[in-house]
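Below is one structure, written out as structure tokens; comments come after it.
Quick note: the coordinates plus some simple rules give every number you see, no bench work behind them. Only a predicted model underlies this, so the values are computations on that prediction, with no experimental measurement involved. Glycine gets a Cβ as well: all are built from the backbone with ideal geometry, and neighbour counts include every protein chain shown.
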Amino acid sequence: MEQFMNFYRRHLVKLNTLIFLLLLSGLTYTAIAWSAGKTGQTQDGCTCHGSANTSTKVTLTSGSGSFTFDPGSTTTFTVAIDNSSMSKAGMNVGVKSTETGGSNIGTLTAGSGTKIESGEVTHNGEQSLNSGKFDFTFDWKAPATHGEYWIRGVANAVNDNGGDSGDQWNRFTTQKITVAGVTVTAPNGGENWCAGTTQTITWKSDGVENVKLEYSTNGGSNWNVISASTQASTGSFSWTIPQGITPGTTNQIRISDAVKTTRNDLSNNSFTIVGEVSIATQPIADETCTGQSFTMTVVVTGTGHQYQWRKNGNPVNGATQATYSRSSALLDDAGDYDCQITTACGVLLTSVKAKLDVFQAPKIATQPTGKFGCEGSSVTLSAVVEGEFTSIQWRKNGQPINGATNSTFVINSLKASDEGDYTLLVKSDKCGNEITSSIAKVALNKEPKFVVQPKPLKGCEGSEIKLTAQVDGTITGFQWYRNDIKVSNATSRDYTIAIAKASDAGNYKLELIGSCGTNQFSDVVKLSINSSPIVVTHPSNKEVFVDESVTLSISAENPGGEVSELTYQWKKNGNNIANANSSTFTLNKVTLADAGKYSVEIKNTCDLSITSNEAEVKVLENNGGPAITANMEVIDLGSVNIGENKSETFVGIITNSGDESLVIAGIKIEGANANAYSLVSITFPIHIAPNSKLDLGILFSPQKAGFNQATISFVSNSVNDVNIELRGNGIDKGTLISSVKSLSFGSAVIDEVVERSFEIENPTNKTITISEMNSSSNDFKFTVITDPIFDPKTKKEIVVTFTPTKEEDYNEVLTISTDDGNTIEIQMTAKGIKSSVWDGIPTITSVKSFPNPGESNITLEMNFDEVIDYQISLVNLSGIVIREFEGYSNIGNNRVIWDSRDATNTKVASGTYFAIIKVEDRIQTISIIVQ
């Protein structure tokens, strides 16, 4: 044991020294003796122990004595070492895929003196030589795959001196190992071989001299010999397939070692053998309709064929089966079809041609559409029918209409009994089907009517407002009117004002335009636009003594709304005053702290607001002296007509609340409408004893319509100042006015209509309503105004027609009465004649105008049979005279040329005008059209 430890220490010191030197030099350590075994030396040998030395003999033997093995078999190998001069030995053996290099093959198991490391065999420790010899053993299991492999090895006999000097190593001769077997390389499945043809069978083999070839037609259940023994090294065999072989798809090849048949291999998959091929059933001609199916079929003996259908000699894309079909035929599918069959053996067969006829199935290319018509009108239903059809029949509510067998059906005079659902039935015997058109509804146009009338609305300025109505009937259009004037672009049932303005307020109505010439107007509804409140009278500055009361007031209007809808919030120095929410604000028993600037914010229901001017309240301490107190904050003199006046005395309106005599040197009336007010019977100065009162008379003479406001202030020796607000309302007595005072209709043939028009205007600031209109002759008719209410500053047109019933001169009056008690009278003159032939003035034999129509320089040519004075008046459709001519005729032709200008030399507008010719007390009219 002590000897072993000394040996160990000695070698350990050497080893540590060597490792240290190698680390310093950066060299790889390979020089020590590997007593526990080493791998990876089978190629280059034990170069760390010097060169190979024949003194060491290395021999490799197998347990069977052979180096040919079956796949998966296990063999014991022995590596014998012989060196009489050395004491110990080691070895390294590997089985490789190539003679030099390569990867490990098979499975190694350790035996005597060996271990397995990194897929190789090496010694499991220094093995002592017995008489210079030692046998290393190991087992090797062959791989499952046949082939040629190589076993390489090296052994080292060592002197056990602790180093590699003097050691002697050597190799054994590299030995080839054969794992015997055979592999079929063709056929391996998927091939199509034909009976009677010669095909090549190929294989790979190792360790086999001759092979046996067999075939099976039933997937390996039975085998037939092709060749009992064929030299394996050829790797192929030409097999002529017997003609009588059974065709099928379950054929396989088996190749075996002719000596040891357990060494064999089969085709990986079955292949096909094809027998003799022929077309058993040819495709046949067919016909179909578009949208219906068709099928072409060919029956061929044998299997494994390829098909290609053709139409008119051209391949049909995707038609590669024995049957070609389409579920919905097209016209383009018509043609001559055949099928080309390529057998598995490459033989090309072509079927006979089969003709396919495709007819257009009946279809309604254009559907009939529903029709609405007026009673008595003509309605036509029509459809466009295409394709093969046998008959067509119009039906009403599902029942055939007698004689209605064309694509067009006409209802000549529409009546209620014609209403219904109409369809067209199309039948086709060739295509074996029938189709029905969509429903075309026929109905009479309904008279337009209002189901729900538009409602009066009140909207806020800046908001969206929508006027609407519920209607029924056949309506071709809508038109909204405001104050009897068409509203631009308001041609829908609903009229929406996106952002309402005060100017949008007015009287609205909706016209329904019926398709049969009947129009209907809705009720007139009022649209009110509530805009921001307006301060009529701002609160005024006040002076008050401590412990007295003071009242601030404001007057405001609510345009488009009611004054009662206004809300108020009084403020002091900009801050809200609690519970101060009326048009007046009173401070009782004021203190010095009540002094300040007061204003009021006014809002309406639209949340629109305005804030008044600030009124300063001064609070004075009563230190004696004269003091003026107004017992009324506001004097309201009510409504007075413009041009009239009203006088009223206000008893005790002023009190001297001081302790000294009050002297009023003057009273001032100031403000926007101060000229509407004056004082009655007063002389200055005025002396008022303490606690005495003064009566004051005021005269109100309004100069304008509407609110008139002013302020009374006093020039006095009072220690304080007061103001009194004056209010009054001026009434405008103005009324409606007409654009004409008379209308001239000229001569008109009995029972023919002549039309004139004029305007009625409300120039005032009040609303006026026409209460009644009358004509003194039934031959004059006037349009009834649907909305007789005239808002301030608005106009409306009135049309008057004259239809004479007798031959005479007419001098009549149109009377218009208003609700303010006024009346407008318009004189109307005309003449009824029997015929339009010129017979009005005996001295004129003929009259004509040319060019008529004309743009200018229109000539009026008159033929007189005597010398006489004449007058010509040119009037427009409103009966207003725009130009006059006078002349003294010559016998024969007389001409007057009109340059299409009025008396002011202004070019007249295009339209119809009348030339009224007067000779003595006779008149005649001729129309002239200006372009």
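For Val487, nonlocal amide neighbours, meaning residues 5 or more places apart or on other chains whose placed amide H falls under 5 Å from its own, are Trp480, Tyr481, Arg482.
Between Lys693 and Ala903, the simple label model (points 7 Å from Cα in the Cβ direction) yields a spacing of 6.5 nm.
Cut-off 14 Å, label point 7 angstrom out along Cα-to-Cβ of Ser293: give me the residues of segment 310-325 whose amide nitrogen falls inside. Zone members listed by number: 323-325. In segment 479-594, the convex hull through the Cα atoms has an average projected area of 10.4 nm², a quarter of its surface area.
Based on the Stokes-Einstein relation at 37 °C and a viscosity of 0.692 mPa s, and on the Kirkwood radius from alpha carbon pairs, segment 279-359 is assigned a translational diffusion coefficient of 257 µm²/s. The loop-placed trypsin sites (Lys or Arg not before Pro) in segment 575-651, going by DSSP, that have at most 12 neighbouring Cβ atoms within 10 Å of their Cβ come out as Lys589.
Using a simple spin-label model with pseudo-atoms 7 Å out from Cα toward Cβ, Ala502 and Thr912 lie 4.4 nm apart. Backbone phi angles across segment 608-615, fed through the Karplus curve with coefficients 6.51, -1.76 and 1.60 (θ = phi - 60°), yield HN-Hα couplings of 8, 9, 8, 10, 6, 5, 7, 10 Hz in residue order; Gly and Pro are listed as x. Its convex hull of Cα atoms gives segment 737-833 a direction-averaged projected area, equal to a quarter of the hull surface, of 5.6 nm². Using R0 = 35 Å, the C-beta based FRET efficiency linking Asn581 and Asp819 works out to 0.40. Against the longest alpha carbon principal axis of the chain, how many degrees, from 0 to 90 and to the nearest 10, is the axis of helix 2-25 turned? Roughly 50 degrees between the two axes. The length gained by stretching the chain between Glu386 and Val347 to full extension, at 0.36 nm per residue less their Cα-Cα distance, is 9.4 nm. Each other residue within a Cβ distance under 12 Å of Lys204 adds +1 if Lys or Arg and -1 if Asp or Glu, for a net charge of -3.
For segment 844-930, with equal point scatterers placed on the C-alpha atoms only and solvent neglected, what are the log10 I(q)/I(0) values from the Debye formula at q = 0.23 1/Å, to two decimals? For segment 844-930, the Cα-only Debye profile gives -1.17. Orientation-averaged projection of the chain equals 101.7 nm² [convex hull of Cα atoms, one quarter of hull surface area]. In summary, segment 35-179 shows an alpha-carbon radius of gyration equal to 1.00 times the 2.2 N^0.38 Å reference for compact globular proteins. For the residue pairs Lys571/Lys668; Lys741/Lys918; Lys415/Lys455; Lys486/Lys704; Lys733/Lys781, the C-alpha atoms sit more than 24 angstrom apart in Lys571/Lys668; Lys415/Lys455; Lys486/Lys704; Lys733/Lys781. Distance from the Cα centroid of segment 75-92 to that of segment 350-388 is 105 Å (rounded to whole angstrom). Here the scattering of segment 335-479 is modelled by Debye summation over its C-alpha atoms, one equal scatterer each and no solvent; at q = 0.09 Å⁻¹ the log10 of I(q)/I(0) is -0.55. Scaling the Cα radius of gyration of segment 189-238 by the globular reference 2.2 N^0.38 Å produces a ratio of 1.23. This model, with +1 at the C-beta of Lys and Arg and -1 at the C-beta of Asp and Glu, gives the chain a dipole about its Cα centre of some 4460 debye. Applying the Kirkwood pairwise sum to the alpha-carbon positions of segment 398-534 produces a hydrodynamic radius of 18.7 angstrom.
Averaging the Cα positions of each part gives two centres, and for segment 740-756 and segment 140-217 these lie 132 Å apart. Residue by residue, segment 390-397 carries 3J(HN,Hα) couplings of 8, 7, 10, 8, 6, 10, 10, 6 Hz when phi is fed to the Karplus relation 6.51 cos²θ - 1.76 cosθ + 1.60 (θ = phi - 60°); x denotes Gly or Pro. Overall, segment 844-930 carries a charge dipole of about 320 debye about its Cα centre when +1 sits on the Cβ of Lys and Arg and -1 on the Cβ of Asp and Glu, all other atoms neutral.
As I understand it, the dipole of the chain uses +1 on the Cβ of Lys and Arg and -1 on the Cβ of Asp and Glu, about the Cα centre. Which of Leu331, Ser428, Leu348 lies farthest toward its positive end? Of the listed residues, the answer is Leu348.
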